[in-house]
Amino acid sequence: MTGSTARPDFTAHPDFTAHPDLAVRTLGGSVLAASDESFAEKENLLNPWAPAFDAGTFGPKGQKYDGWETARRRPGPDGALGHDWALVRLGLPGLIHGVVIDTAWFRGNYPPHASVEACAMDGYPSPADLATAAWTEIVPRSALTGDTSHAFPVQADRLFTHVRLNMFPDGGIARLRVHGEVIPDPGHLTGLTVDLAALENGARVTGCSNGFYSSPDNMLFPGLARNQADGWETARRRDGANDWAVIRLAAPGTIALAEVDTTHLKFNAPAAFALTALDGGTETPLLPRTPLQPDTRHRFRLASPEVSHVRLDIYPDGGIARLRLLGALTPASEQVLKERHRALRAG
Ligand SMILES: NC(=O)NC(NC(N)=O)C(=O)[O-]
């Protein structure tokens, strides 16, 4: 690596939105059910893109919105209005550090109040199963305004798998973001060859030289990148140095195979890359500077020592769609993950 050696730890950032959105569709989040979705579909709540709006686009049900929008409630026989709710399965279970409720573009039809509850249930519960769960209020009933992104920090030292968004009494919400730390189920990792760099296994990018076009965490997302924006892309470097990102692995382990994927990066793939293990002040080369082809999934066998952090250097700049580091957790890591999961699951 050349150039700046500063490595700010993104994961220690006080702004909770620096943590991944555990509910986003591209990490597997799903809106399982909602009280109503007459005007606009509940699934829009978890769209990964910024809410869009095209004024004067009317479908058979009214103005089109890129969000979840319910019908206008009318008092029932008892005079009560009731409220609307949407039930969300997080794509990845985790510790929730904050929630964003974004009423983008909903100006005359936003809900005046909303709240969020969360619960943890093992296995694959149905909406009926979840009705019997022990729900904890993580965002109390709070006032909302129209066309605004509302950030609510959350303090809860417990793992959650599902959230329920309530709006009072009705209206439209463009997006729900649930930011936090992934707490993987150790039963899905121990004794197996796993991707130690996968976000879904608890890995994170803790620092990078440049994230101008897209976040380096994107390299750790599941599946193949859908397009160039779905990976990590830096700005064009003009200083002769090179770009880099540091990945904190799911837990310390040994790496047996690295996949460096430049899919969709056709005119902006790096010319080469290198992988280095970082352990405190010690740097151990894992793969030397190696040429890369554009738009290609490259795989390299390697034999690594026990590793907790890996630096990916790219020369000189460009984009990486995905980085996979397949290997095994150490016995000590397996124990740490099991104990952390047990403690956070118990609440
Ligand atoms: N012009 C509107 O947006 N009206 C309504 N909503 C939609 N989607 O048409 C409403 O009543 O909230």
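Values quoted throughout were computed directly from the atomic coordinates according to the rules given, and no laboratory measurement underlies them. Since the structure is predicted, the reported quantities are computational estimates derived from the model, not experimental observations. Heads up, the Cβs are rebuilt from the backbone with ideal geometry, glycines too, and the neighbour counts pull from every protein chain shown.
In whole angstrom, how far apart do the alpha carbon centroids of the range 175-242 and the range 93-156 sit? Each part's Cα centre sits 25 Å from the other's. Between 0 and 90 degrees, rounded to the nearest ten: what's the tilt of helix 331-346 against the longest Cα principal axis of the chain? On a 0 to 90 degree scale, this one is about 10. The charge dipole of the range 16-182, taken about its Cα centre with unit charges on the Cβ of Lys, Arg, Asp and Glu (plus for the first two, minus for the last two), comes to roughly 240 debye. Over the C-alpha atoms of the range 102-207, the Rg to Rh ratio, Rh being the Kirkwood estimate, stands at 1.05.
Applying a DSSP loop filter and a limit of 14 other Cβ atoms within 10 Å to the chymotrypsin sites (Phe, Trp or Tyr not before Pro) in the range 225-279 leaves 267. Report the Stokes-Einstein translational diffusion coefficient (µm² s⁻¹, integer) for the range 16-182, Rh taken as the Kirkwood radius over Cα pairs, at 20 °C with viscosity 1.002 mPa s. In µm²/s, the coefficient is 134. Measuring r between the beta carbons of residue 133 and residue 38 and using R0 = 25 Å, the FRET efficiency lands at 0.40.
Please state the Cα pair-distance histogram of the chain with 20 angstrom bins from zero: what percent is in each bin? Binned Cα distances yield the sequence 29, 52, 18, 1. If R0 is 45 Å, what FRET efficiency do you get for residue 238 and residue 336 from their C-beta distance, rounded to 0.05? Approximately 0.55, to the nearest 0.05. Other residues lying with their Cβ under 10 Å from the Cβ of residue 216 contribute a combined charge of -2, Lys and Arg counting +1, Asp and Glu -1. Based on every Cα atom in the range 198-347, Rg and the maximum pairwise Cα distance Dmax equal 15.5, 51 Å. Length gained on full extension, residue 156 to residue 57, computed as 0.36 nm times the residue gap minus the Cα-Cα distance: 31.5 nm. Restricting the range 208-274 to trypsin sites (Lys or Arg not before Pro) that sit in a DSSP loop and have at most 15 other Cβ atoms within 10 Å of their own Cβ leaves 226, 236, 238, 266.
Scanning residues 5 or more positions from residue 162 or on other chains, those with amide H under 5 Å from its amide H are 90, 119, 121, with H placed 1.01 Å from N in the peptide plane.
Projecting the Cα atoms of 33, 71, 121 onto the dipole axis of the range 16-182, where Lys and Arg carry +1 and Asp and Glu carry -1 at the beta carbon, places 71 farthest toward the positive end. Partner lysines whose Cα lies under 16 Å from the Cα of residue 64, excluding those fewer than 8 positions away in the same chain, are identified as 42.
Counting only Cα atoms, the range 47-134 measures 44, 41, 24 Å along its principal axes, largest extent leading. For the peptides 160-166, 301-307, residues were scored by their other Cβ atoms within 10 Å and the scores averaged per peptide; the highest-first order is 160-166, 301-307. If only the Cβ of Lys and Arg carry +1 and only the Cβ of Asp and Glu carry -1, the dipole of the chain around its Cα centre is close to 340 debye.
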